[in-house]
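The values are calculated or read from the model by the stated rules, or taken from the named source; none is laboratory data. Just so it is clear, the structure is predicted and the values come from calculations on it, not from any experiment. For neighbour counting, all protein chains shown are included, and Cβ atoms are generated from backbone atoms with ideal geometry for every residue, glycine included.
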């Protein structure tokens, strides 16, 4: 009989310390395996499935706690070796982030290159919005490139630090920086092309707090504002969490060869893009049907 | 040289519940504590609480031998310590005096 939790234990061991494994993770997995085996001996198939689902949900909750504790441990036990590992990892993540951001900017700016009135320097306002997707993906590819099965404790500490930093950067960027730069970009282009007066903010130019206020006030469909504000609000939160999810994917395949890891990364990126392109449209369709 | 002040120990509701169950039933696994608590303890986070209690010295734990017939990881059994029993007694008897609203 296959024992549940074996691969999960390997995943936890990649970034949890020895004490956390001994006190929290191993007892949880041992209890899950025992309960699963007991249900198997009794011939209760559905109970086995319920035990498996409940056990994995419990381990998912535990992983959130362990991740938080890992960040604290990394900060308290930081060494010079960790700093060197962090610099190397940041360099890798930075390279991938820069490449993806450059592609995003080039893609977004295509329609503006043809406008002679718009000065090229205005395209700098597109940098924050391009980083919104480039930072999580750059983090994933950086981890896939640098972190393998034999990664040292320092490298794992650096990975935890990078994931925490990427989440915070993404939160600040898409919550407040990108809306402001988007509005500045629109205002500059509007003025350069002969527009007069103020440019009204669209959903992409609203900060987290402004979007949240509209959601709480029940302002869903608003004429001229496009998709439901709830979709925009929760899509942004999904983007804030995406560095953590993409890092989980990267760390879970660390024992494979680098070429295989990078291939998985490209596949994950494609699925991620699909989710962010199709998800809001599906949600909008569902909201439209329910109204 | 000034004497070092002892650390103030606290006992949360969940820790108190765990100690009550361990004193009533002796050694228990984590999942047995969840079942005995009638879901007041959660399956995922009970191990976090148990780890914290072990750090405070309220409980001890030992690894059971791995099951020979089906394999799998050895399970961890938990037991209350003398300190844990004294803490539970102190909070049980003292809290109604300190915070009478608790006793109502």
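Assorted remarks:
- Of all the numbered requirements in (1) surrounded by fewer than 18 Cβ atoms within 10 Å (Cβ to Cβ); (2) touching a strand residue (DSSP E or B) at 6+ places or on another chain (Cβ under 8 Å); (3) within 15 Å of residue B:88 (Cβ to Cβ), residue B:56 misses one, and that requirement is (2).
- Residues in the range A:50-62 that are surrounded by fewer than 19 Cβ atoms within 10 Å (Cβ to Cβ), more than 7 Å from chain B (Cβ to nearest Cβ) and touching a helix residue (DSSP H, G or I) at 6+ places or on another chain (Cβ under 9 Å): A:50, A:52, A:56.
- So residue A:27, is it in contact with a strand residue (DSSP E or B) (Cβ under 7 Å, 6 or more places away or on another chain) and either more than 24 Å from residue A:165 (Cα to Cα) or assigned to a loop (DSSP other than H, G, I, E, B) (or both): yes
- Residue under evaluation residue A:78, criteria (1) away from every other protein chain (no Cβ under 13 Å); (2) assigned to a loop (DSSP other than H, G, I, E, B); (3) surrounded by 17 or more Cβ atoms within 10 Å (Cβ to Cβ), criterion not met: (3)
- Odd one out for residue B:16, checked against (1) surrounded by fewer than 21 Cβ atoms within 10 Å (Cβ to Cβ); (2) without any contact (Cβ under 8 Å) to a residue 24 or more places away in the chain; (3) touching a helix residue (DSSP H, G or I) at 6+ places or on another chain (Cβ under 8 Å): (2)
- Taking first residues from the range B:49-75 that are under 18 Å from residue A:25 (Cβ atoms) and within 7 Å of chain A (Cβ to nearest Cβ) and partners that are in a loop (DSSP other than H, G, I, E, B) and modelled with pLDDT of 90 or more, the Cβ contacts under 9 Å between residues at least 6 apart in sequence or on separate chains come to B:75/B:29.
- Identity of the residue in the range A:1-49, farther than 23 Å from residue A:152 by Cβ and more than 12 Å from chain B (Cβ to nearest Cβ), that ends up surrounded by the most Cβ atoms within 10 Å (Cβ to Cβ): A:48
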